Each structure stands twice: as C-alpha cells, then as structure tokens.
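Engineer: Below is a structure I'd like to ask you about.
Each reported figure results from applying straightforward, stated rules to the coordinates on display, with no laboratory input. Since this is a predicted model, take the numbers as computed values, not measurements. All Cβ positions, glycine included, derive from the backbone under ideal geometry; neighbour counts span all protein chains shown.
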Amino acid sequence: MIEYYPFLTNFLSVKTFNNEIYIKLYLQITILGVEMTSEKILTLEKTSFKGALEIAKKGTHCGMCRFDFLETGLCPSGKKHGFLAYWPQGRMQIFKNLMEEKVKPTEKLIEIVNSCSLCGICDKQCNFATQLRPEKVAKALKDYVEELDKGDFQNIPEDKNIIALRKIVGEEWATNDPIITSSYISSIIAPDSKFNFYIVMPKDAQELSKVIKYANSNNLPYLPRSGGTLLSMAAPTVLSNAFGLEKGIVIDLLRMNQLEIHPESQTAMVGAGITAFELQKEAHKHNLRANVAEAGAHICANIASTGILSTWGNKYGWAADNFIDVETVDDEGNIINHSDLEIENPYTTEYGFTNISLVPPLIVTKVTTRLNPVFDDEEAVFVPFENIQDAIDLSFKVARRGMGFSNVILSRKYLAEFISPTPNIAKDFEYILEKYMKLNYAVDIICNKDEKKIIESMVDYTIDKSTLKSLILGCPKLSTLKDSEFMKILSEEKDPLKAIFAGPMKEHFEKALEATPENISKIYDEDLQDFFKKAYSKPELTNIIWLHEHRIFPSRLMRQRMFLPMGGVIWTEYEKNLLDWINMFVNVGDKNKLIHALGFISPFDQGRFACLEYDFYYDHNDPDAKKRVDKAIIESQERSLQIDGILSALNFYFKGLYRKEHVLFPIAKAISDDDRELFRELLKNIIGGV
Ligand SMILES: Cc1cc2nc3c(=O)[nH]c(=O)nc-3n(C[C@H](O)[C@H](O)[C@H](O)COP(=O)(O)OP(=O)(O)OC[C@H]3O[C@@H](n4cnc5c(N)ncnc54)[C@H](O)[C@@H]3O)c2cc1C
Ligand code: SF4
C-alpha cells in the first residue's frame, strides 16, 4: 500500500531492479516537531507492483497454466509442490490478496517465491490464452517479500485438525497456512471468507476416504477441487455460495494423476487429477480419442459436474455414456465402484425441475472411460451461414442421419474469440464477420470422407481447409482490413459468403491475409515472438480436427474478464421453441446491460436433443456488473423452464454420473407461474437471494 508521510527529508538509495526503478527511502519524519527515523523501507514508486496488480486482477483462474499444451514443459514449482499457491494462477491470486490486505504474509510465502525460478513458461502459456504475463506478478511477489521485515510475518500454529490430516496424507500434503489457502480464493473459497480452511491433497481413494471420515467426525465441511474451471466461473456470482466452501477442508485432487491407456479395449483408466488435455494427448498416441470438453477441466470432475458436454456428444454420448466404471467416495467415506454388485442402481436420479443439486453426490476418484477410434479419412466441414435457422436445419439433419463425429453450430462470437490471438483482434474480426461477410453462424462438422461428400451436396459452399488455416494465421491482418475498400466491395456482393469462400474473391482474400506463423507472431510482445512463430508453425495449431479434440482455444472466452455460460438442453421435437429461447437470453442480457451472445448449439443422441450455451460476459472486478450477472442468471434459468421442451443448465449440473435417459426423459413441459415461484424459492434456498 502506498503510504504518505508529511515530510520526506532524506534520499538514501536509488536501486535499479530489472529496468524498473525503485526509490527506497529511509524516512525521517517530523511530526509535531519531533524528528523520528523509520527503519522501514518505503517503496514510493511502486509502478511494478501496480502493473503486477493490474495483471493479477485480470486473472480468471482459467487453469491453462497447469497442463503442457504448447510443449513448453510445466511450471516446475507447481509440478513439484502441487498446491495452487505454487502454480502461476495461485501466485497471481496471492499477490492480489496481499496487495488488497486480505491476507498477511507467513513464512510459507518465502518458500513459495523461492520455488519460482522465473523460467517464463507461464508467460508463454498465459499469453496464448489470455495475453497476461504472470511471470511479472511472480517477480513482483519476490520483490515484495524481499522488502518485508521479520516482524511482518504472522505465525500460524498447527492445530489438532492439521496434525490429524497430515497423518492421513503425509506431512507435505495438508496445510492450514493462510497464504496457501488464499490462493484458492475465487475458485472454491469466496473472497470475503475468513481463512478458516485446511487444504489437503490425498493421493488416492483410500486417503480421501479417511479425510472424509475425519471431517465428518469433527464437523468440518469439505468439497473437492479439480481444475477449478467451473468453480472459478461460479465464484464471482450468486452461485458462489452453493459451489464454494465457507470453512473446512478443500480437497485438492491434483495428486491423483494415474493415467493408463488400454488400446486393446479402447478404454483409459483416469485418475481425478488428470485434465482433458492430458487424456486426449495420451489417447492420440494410440490413434484413439476421448470425449472431452474444456482442456483444463479434470475428466473425473467433468463427468461428475456437467457430464462432459462436448461437440462430439452426438456420436459419443453424454453423462453415463462416457464411462465403463467409476470409483467414487461417498459422504460417509465409503469407496464405491459402479461395478460393485451389492449397490443400488447408481445410474438413476429423481426426474424434474425441482431436482437441483449444486454439489457433487459423490467424489469421483477414478474413471474407466471409453475411447473411440480415430479414422484416417476424417475431415472437417465448415459451412458459413447468415441465418440461424439455416444453420440449425443443416446441423440437425446431419445429426439425425447419424453422420459426423463432432457437430456444432458456432456463433460468430465464438469463432472470433477462438481464432483471434488478442481481444482487440477478436473484436475487429467479429465486426468484419457481421458487417461485411454476413457470417453469423458456422456449422462445424468432423466426419469421414463419404459423409463429407454428402454434407457438401446439401449446401452451396463450404469454407475449405486452406482458407480455415489462413483465417487462423491471418486474423491479425484481417482485422486491419476493417473498413477497407476491399471489405466494402465484398459487402455489396449479393452473397458475400459465397464470393469470399467459393467465388472469385477467395484467392485474393487468402493472399491478402498474409497468413504465416511469422506474421501472427508479430502481435505478441517482442520477447515472445520467436516462441510463437515456432508454436504457430506446428501443424496442430491450424489443424481443425486436432483443435476440436484438444480444445486449447475456448479459454480465450475468459481472457481478462469473466463469462458465465447459461443455457441447457432442448428436445429437438420442440425445435420451434429454440429461437424463442435464444431471444429470451437476448432480452435478459439487454435488460441487465451485459455483453451477451449465443455460444454454440450442439445436437446430441442422434439429434434427439441439443445442448445450447448462451453467454453473459462481464468484468469480474466490477461489483455492479456482478450484480447484473446474478440477476441474469436467475431470470434466464426461470424463464428457460417456462418454455416447452427445455431443461435449464442448473437442472443437469451434477447429474453426469446418471444415465441421460433418467435425467432427460420424459420431455420437460413448460412450468406454470406457481411452479416458477416454487423454483425461485428453491433456488433462493440453494444459492441465497440476489
Ligand atoms: C472456457 C470454458 C469452457 C467450458 N466448456 C465446457 C464444455 O464445453 N462442456 C462442459 O461440460 N463443461 C465446460 N466447461 C465447464 C467446466 O469445464 C466443467 O464443468 C468441468 O467439469 C469442470 O472441471 P474442473 O476440473 O475444472 O472442476 P472444478 O471447477 O474444480 O469443480 C467443478 C465442480 O465439481 C466438483 N468436483 C471437482 N472434482 C470432483 C470429482 N472428482 N468428483 C466429484 N465432484 C468434483 C467441485 O466441487 C465443483 O463443484 C467450461 C469451462 C470453461 C472455463
Ligand atoms: S516463472 Fe515461476 S510461476 Fe511461472 S512457470 Fe516459471 S516457475 Fe512457474
């Protein structure tokens, strides 16, 4: 915190630190005529701290710094120590907490800063996803600690709980240190909580079972944390109470990192610490593919929470379709496998809109998941549309005929955010798509060669592989064409999409994009350009199929500000209600003055139902914006249920262990006004009022 003293009379030292000037002043202060000298060093020009705080505040806990998606290797500190505090995202959270005086330093902080080698891996990963530089924050944290006196550190004694928990998981893997605890703020711990927490990292179901039994016999609440991708989206909102913990034990599952691929049975045994990306990468080595969603989400958590809603759902299924067997631990600490003969039917749950649960029924510690063959004639078909109904018609028709592995309608906003390396380029890209190209939706299908021919025969034109590659590498150049003569001429075409993707302008357009790894790398900070030139030279980064499988783009949706995905499931028999449903979200977003847009619509179960995601975007550092998002969440969920054929997102959370047939059948009918009141009361009880 910057302090101001009435009289600063003596400059004693000026120190240069990594190009940033720290003016250190030993203070001689005259107050009421008495001259006093302070030993404390005051940093007057805390520009580096200010800059670092700006970065830290923009962090969204997207989790992209916790798996190796750019072949940089992993943060060595996080890999060794495990707790969130040692990972780049945790360091950013700790720095923010210290600057905002939410937590006081402990001796652990010294170990945390010393464990960072300033290797810069996190800058590359984070820049790809969010354009932040976490290494700057790591450096500022080191400088901060260097300036502390011995007396600035608080001492946290062990208590009986931590002693007992350490006996279960080992000395190293349980802590009540407030600095470590505070790194979990904004993902499982609410910002205004007292630091009355223990963090434990059990290595397997047996240790977890003992932790739960201990928690129960000592009245300690607990919750599991995996990748934090859902928890961090819920944390700034009204959903925080239901998803978060007020006190007790955070069970961090990262140490459960067993991963075995069994090619002969096309299955994988996946521990609760394994991310979607890690599973997919291993599966790929055997020419197999897992059904995965967000890259940083842990597979076990994804199955338990949202059932893995992915663009591959039409072929590979949802919820219990995803696994052969699961190992779970229940709330009494019993270890239960779905394959155990003596248990009750584990695949069924109560049906209906009042069945809402925002905590997991069981903690999944291991899953035997299905893998699917990858065929060597797979291709991507990308069909651009101005009109949503045309996109729906194509996507659903293809799904109902059982064609395609992955099938999704992407909105203009998603396309722009995924492809663009910076938010500004995304903004310009989206503007060009809307204003000049009239590309508002793209039906995006991965299928085999024969299916591709059939799909191509159903439409006038598609965006081919080479143009897609050019769009990925050339989007910085494309954004400079905003308001150019070229774009104006294009927009005057009768069918601009055809002209640019299948007509005479295609060749000129591709040339104009100057799409090379070297050109896209120029938008990054100078010291990162060489790295990104090499990264974008790898075929994977422009391979549409690889990108669908490994999903390293979607976290760009939460770069430097949050988004909250709403939506749910609609029976395609009620397709006529789809546009009303979308319009309802538009209305709620406008009413609450939010940036909002359709995300995607993806058919499931041979087109019997479809999953829709509609997103509200907001600045998580703006309290007023958070209030507006809260209102939008509640209203959109209530109004979703008043439309025939729809189950809102909150209704299928934490139903991923059940058979989809039990969760979704029979078709939901619109609820009455009285039921809406009931639903509101129920929500109030679960999440608290808005
Ligand atoms: C950019 C972005 C895109 C996303 N896209 C998709 C998508 O397409 N499809 C989709 O399905 N989801 C998507 N999500 C949501 C999110 O990834 C999933 O909900 C995922 O399951 C969260 O996994 P996680 O490991 O991050 O879990 P966390 O956020 O750590 O935990 C989520 C919830 O599950 C509980 N939990 C954690 N581990 C376990 C466990 N082992 N057993 C039981 N409960 C557990 C936690 O207590 C918490 O309530 C997206 C999220 C983001 C940020
Ligand atoms: S700079 Fe520090 S925080 Fe970043 S990856 Fe390296 S060790 Fe981890």
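Engineer: Tell me the angle of helix 205-217 to the major Cα principal axis of the chain, expressed in degrees between 0 and 90 and rounded to the nearest ten.
Structural biologist: 60
Engineer: Normalised by the empirical 2.2 N^0.38 Å for globular proteins, what value does the Cα Rg of the range 378-687 take? If you can, show how the numbers build up before the last one.
Structural biologist: Working: Rg = 20.5 Å, N = 310, 2.2 N^0.38 = 19.5 Å.
Cα-based Rg divided by the globular estimate yields 1.05.
Engineer: Ok, one more. Quick one: what does P(r) look like for the range 303-392 with 5 Å bins over all Cα pairs, in whole %?
Structural biologist: For the range 303-392, the binned pair fractions read 2, 10, 16, 19, 16, 12, 8, 9, 5, 3, 1, 0 percent.
Engineer: Can you tell me the orientation of helix 465-480 relative to the chain, as the angle in degrees between its alpha-carbon axis and the longest Cα principal axis, to the nearest 10?
Structural biologist: So the helix axis and the longest Cα principal axis differ by about 50 degrees.
Engineer: Rounded to whole Hz and in sequence order, give me ³J(HN,Hα) for the range 640-650 from the Karplus expression 6.51 cos²θ - 1.76 cosθ + 1.60, θ = phi - 60°, writing x for Gly and Pro.
Structural biologist: 4, 6, 8, 10, 4, x, 10, 10, 6, 3, 4
Engineer: Projected onto the charge dipole of the chain (+1 at Lys/Arg Cβ, -1 at Asp/Glu Cβ, origin at the Cα centre), which of Ile570, Val292, Asn161 gives the Cα projection farthest towards the positive end?
Structural biologist: Farthest towards the positive pole: Asn161.
Engineer: Here is a further query. In the chain, with Lys and Arg counted as +1 and Asp and Glu as -1 at Cβ, which of these residues, His81, Tyr144, Cys62, has the Cα nearest the positive end of the dipole, that is, farthest along it?
Structural biologist: Farthest towards the positive pole: Tyr144.
Engineer: May I pose another question? In degrees from 0 to 90, rounded to the nearest 10, what is the angle of the helix 578-591 Cα long axis to the longest principal axis of the chain?
Structural biologist: Once rounded, the angle reads 30 degrees.
Engineer: Please report, for the Cα atoms of the range 49-255, the Rg to one decimal and the Dmax as a whole number; what are they, in angstrom?
Structural biologist: According to the Cα coordinates of the range 49-255, Rg and Dmax are 16.2, 46 Å.
Engineer: Another question about this same structure. Please figure out what share of the DSSP beta bridges in the range 49-255 is antiparallel and state it in percent, rounded to the nearest 5. Please report the intermediate quantities before stating the final value.
Structural biologist: Details: 2 of 13 bridges.
Close to 15 percent.
Engineer: Considering Cα pairs under 8 angstrom that are at least six residues apart, work out the relative contact order of the chain and quote it in whole percent. Intermediate results must be reported in sequence, preceding the final value.
Structural biologist: On the way: 1361 pairs, mean separation 89.3, N = 690.
Relative contact order comes out at 13 percent.
Engineer: What is the extension gain from Ser491 to Glu378, computed as 0.36 nm multiplied by their sequence separation minus the C-alpha to C-alpha distance, in nm to one decimal?
Structural biologist: Numbers: separation 113, 0.36 × 113 = 40.68 nm, distance 3.35 nm.
So the extension gain works out to 37.3 nm.
Engineer: Taking the Cβ-Cβ separation of Glu573 and Glu146 as r and a Förster radius of 56 Å, what is the calculated FRET efficiency to the nearest 0.05?
Structural biologist: E between Glu573 and Glu146, to the nearest 0.05, is 0.30.
Engineer: Neighbouring Cβ atoms within 10 Å as the yardstick, rank Asp192, Asp152, Asp252 fewest first.
Structural biologist: Values: Asp192 9, Asp152 12, Asp252 22.
Exposure proxy ranking, most exposed first: Asp192, Asp152, Asp252.
Engineer: Could you calculate the FRET efficiency of Glu681 with Glu456 from 1/(1 + (r/R0)^6), where r is the beta carbon distance between them and R0 is 45 Å, rounded to 0.05?
Structural biologist: Working from the Cβ atoms, E equals 0.30.
Engineer: Under the 0.36 nm per residue contour assumption, what length would be gained going from the current alpha-carbon distance of Glu661 and Lys538 to full extension?
Structural biologist: Once the chain is fully extended between Glu661 and Lys538, it gains 40.1 nm.
Engineer: Say the dipole of the chain comes from +1 at the beta carbon of Lys and Arg and -1 at that of Asp and Glu; which of Pro384, Thr181, Val367 then lies farthest toward its positive end?
Structural biologist: Projecting each Cα onto the dipole axis, the largest value belongs to Thr181.
Engineer: Another question, if that's okay. Which of the chymotrypsin sites (Phe, Trp or Tyr not before Pro) across the range 368-433 are loop residues per DSSP, with 14 or fewer other Cβ within 10 Å?
Structural biologist: For chymotrypsin sites (Phe, Trp or Tyr not before Pro) across the range 368-433 that sit outside H, G, I, E and B with at most 14 neighbouring Cβ atoms in 10 Å, the list reads Phe375.
Engineer: Each residue of the range 618-630 in turn: what ³J(HN,Hα) in whole Hz from Karplus with 6.51, -1.76, 1.60 and θ = phi - 60°, glycine and Pro shown as x?
Structural biologist: Couplings: 7, 7, 6, 8, 10, x, 5, 5, 5, 4, 5, 5, 4 Hz.
Engineer: With charges only on Cβ, +1 for K and R and -1 for D and E, what is the dipole size of the chain about its Cα centre, in debye, rounded to 20? List each step's numbers first, then the result.
Structural biologist: Values: 81 positive and 96 negative charges, 163 e Å.
Computed about the Cα centre, the dipole is about 780 debye.
Engineer: From the phi angles alone, apply the Karplus equation (6.51, -1.76, 1.60; θ = phi - 60°) to the range 130-145 and give each ³J(HN,Hα) in whole Hz, x where the residue is Gly or Pro.
Structural biologist: Karplus-based 3J(HN,Hα) across the range 130-145 equals 10, 6, 9, 10, x, 4, 4, 6, 4, 5, 4, 5, 4, 4, 4, 5 Hz.
Engineer: Ok, one more. Please give the direction-averaged projected area of the C-alpha convex hull for the chain, in square nanometres with one decimal.
Structural biologist: The directionally averaged projection comes out at 33.0 nm².
Engineer: Relative contact order for the range 507-647: what percent, with Cα pairs under 8 Å and sequence separation of 6 or more?
Structural biologist: Reported as a whole number, the value is 24 percent.
Engineer: Tell me the volume per residue, in Å³, of the convex hull enclosing the alpha carbons of the range 265-319.
Structural biologist: Per residue, the Cα convex hull of the range 265-319 comes to 80 Å³.
Engineer: Further question: So, in nm, how far is label Lys57 from label Thr354 when the simple model puts each one 7 Å beyond its Cα toward the Cβ?
Structural biologist: If labels sit at Lys57 and Thr354, their model points lie 4.5 nm apart.
Engineer: What GluC sites (Glu not before Pro) in the range 581-652 are in a loop by DSSP, with at most 10 other Cβ atoms within 10 Å of the Cβ? The partial results should precede the final answer.
Structural biologist: Values: sites: Glu613, Glu635, Glu638; in loops: none.
Loop-located and lightly packed - none at all.
Engineer: Net charge around Pro539, counting only other residues with Cβ within less than 12 Å of its Cβ (Lys, Arg = +1; Asp, Glu = -1)?
Structural biologist: Cβ neighbours under 12 Å give a net charge of +2.
Engineer: With a 10 Å Cβ neighbour count serving as the proxy for reagent exposure, in which order, fewest first, do Arg559, Arg680 appear?
Structural biologist: On the way: Arg559 24, Arg680 16.
In order of increasing Cβ crowding within 10 Å: Arg680, Arg559.
Engineer: Using the Cα centre of the range 260-373 as the reference point, and only Cβ charges (+1 on K/R, -1 on D/E), how large is the resulting charge dipole? Debye, rounded to the nearest 20.
Structural biologist: Numbers: 6 positive and 15 negative charges, 148 e Å.
Roughly 720 debye for the range 260-373.
Engineer: Same structure, new question: Among Cys62, Cys119, which comes first, second and so on when ranked by fewest other beta-carbon atoms within 10 Å?
Structural biologist: Cys119, Cys62
Engineer: How far apart, in nanometres, would the label points at Ser117 and Glu342 be if each is projected 7 angstrom from Cα along the Cα-to-Cβ direction?
Structural biologist: Between Ser117 and Glu342, the label points sit 5.0 nm apart.
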